Amino acid sequence: MRKHGPRVIPLSGTCKILKPFEYVRSAEKDRWTKLSLAFNYWLKISPDKLQQIDEIISIVYNVCLLYDDIQDHSISRDGIPVTHSVFGLPRTISTSNYINLIAFEKAANLHPAAVKILLDELLQFSRGQSMDIYWREYLTCPTDEEYEKNAIRKAGWLVILMVKLMKLFSTCEKDFSSLLNLMGYYHQIHNDYCNISVCKDPNDKNYCDDLTEGKFSFPIIHALKYDDGEKIINILKQRTTDTNLKTYCVSLLEKFGSLKYTRDILKELNQKIRIKIERLGNNPFLVKMLNEYENEVSSHCTEAAKVML
């Protein structure tokens, strides 16, 4: 009689159900693999467990991309058309639900505590996404404190999930919570800055698409504290695709010092993260990633200066 072990569901191949997922994952960058390897410098879990965790992270990350593109009415991601424009909304949503269930099955096979961890962090992300949509749809600018809390939910949940799953198989007792929250906050501000920085090509279809979405990003929130913030609010509520109007909005952000303020905050947060890493016993892989983030912002700043001249 055949023994029954955990059922293994392939995530690639010819299965028609998975085609939308395979499409979005084909453009996936290796940032999450780099992060898991970086934290494994401290946690030192086995390669097979690390691979299983990376697979779960890859699934939930890409499912979130699928939903995010739908909710934001996105046109393209990473230079290719968004999944639902290729496969249609019904099929994309159905695949997203199916593949999410596979993630939970994989978590159940990984460790008895993994399902609860996965559920908790997905709830955090969903709360963050919902607040972002609420602010956007009701044209409500969040406070600095509300933005920070939501940034940690939206941009910090995945690395928090990854580290919590890794710690299930590690003897390391270091507390990474404050570092992870700070990294999430930093990552979201970095994303906001890069999306709206003045050196982006206006001919790019994704040029300042946070403005098209009507998103209250970090530079926008800073700029709205000024009396002339009414102009920016009026631009946001139009959900404009007009590159001239978006370029004008960016010039207002520059005028109000919002882009410089964002760069200054990123520099400050980068330094705080480095201090926390040092206190945890140093980590050359995380420091290298911080250097890459810092260089990206610096290059944007240099290009912005050229544009302003």
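The values are calculated or read from the model by the stated rules, or taken from the named source; none is laboratory data. Everything quoted here is computed from the prediction, not taken from an experiment. Every residue, glycine among them, receives a Cβ derived from its backbone with ideal geometry; neighbour counts consider all protein chains shown. Please note that ligands, DNA and RNA were not included when accessible areas were found on the heavy atoms of the full protein model with its side chains. Shrake-Rupley method; radii C 1.70, N 1.55, O 1.52, S 1.80 Å.
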Flagged in region 112-141 as buried (at least 16 other Cβ atoms within 10 Å of the Cβ) and closer than 21 Å to I160 by Cβ, in numbering order, are A114, V115, I117, L118, E121, L122, Q124, F125, G128, Q129, M131, D132
Might you check whether a residue that is open to solvent by less than 20 Å² (accessible area, probe 1.4 Å), aliphatic (A, V, I, L, M) and at pLDDT 90 or above occurs anywhere in region 64-72?
yes
In region 236-283, what residues are β-branched (V, I, T), crowded, with 19+ Cβ neighbours inside 10 Å and closer than 19 Å to E148 by Cβ?
T262, I273
Please state which one of L161, L168 is surrounded by 18 or more Cβ atoms within 10 Å (Cβ to Cβ) and not hydroxyl-bearing (S, T, Y).
L161
Which pairs do you get when a residue that is under 20 Å from Q188 (Cβ atoms), found in region 246-270, comes within reach of a residue that is assigned to a helix (DSSP H, G or I) and among the acidic types (D, E), reach meaning Cβ atoms under 6 angstrom, with the pair 6+ apart or on two chains?
N270/E294
Residue pairs qualifying under the 8 Å Cβ cut-off, at least six apart or on distinct chains, with the first in region 97-116 being free of Cβ contacts under 8 Å to residues at least 24 places away in the same chain and aromatic (F, W, Y) and the second being crowded, with 18+ Cβ neighbours inside 10 Å and assigned to a helix (DSSP H, G or I), are F104/L118
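Quick one: is E213 open to solvent by 10 Å² or more (accessible area, probe 1.4 Å) and touching a residue at least 40 places away in the same chain (Cβ under 8 Å)? Can you show your working first?
Working: open to solvent by 10 Å² or more (accessible area, probe 1.4 Å): yes; touching a residue at least 40 places away in the same chain (Cβ under 8 Å): yes.
Yes, satisfied.
Take region 89-111 and flag every residue that is of a type outside the set (S, T, N, Q) and either in contact with a Cys (Cβ under 7 Å, 6 or more places away or on another chain) or open to solvent by less than 70 Å² (accessible area, probe 1.4 Å) (or both). Steps first, answer last, please.
Residues of region 89-111 that are of a type outside the set (S, T, N, Q), as a first pass: 89-91, 93, 98-99, 101-108, 110-111.
The answer is I93, I99, I102, A103, F104, E105, K106, A107, A108, L110, H111.
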Of residues in region 164-185 being free of Cβ contacts under 8 Å to residues at least 40 places away in the same chain and in a helix (DSSP H, G or I), the one farthest from I152 (Cα to Cα):
S177
How many residues of region 216-235 are touching a residue at least 24 places away in the same chain (Cβ under 8 Å) and either open to solvent by 30 Å² or more (accessible area, probe 1.4 Å) or hydrophobic (A, V, I, L, M, F, W, C) (or both)? The answer is 10
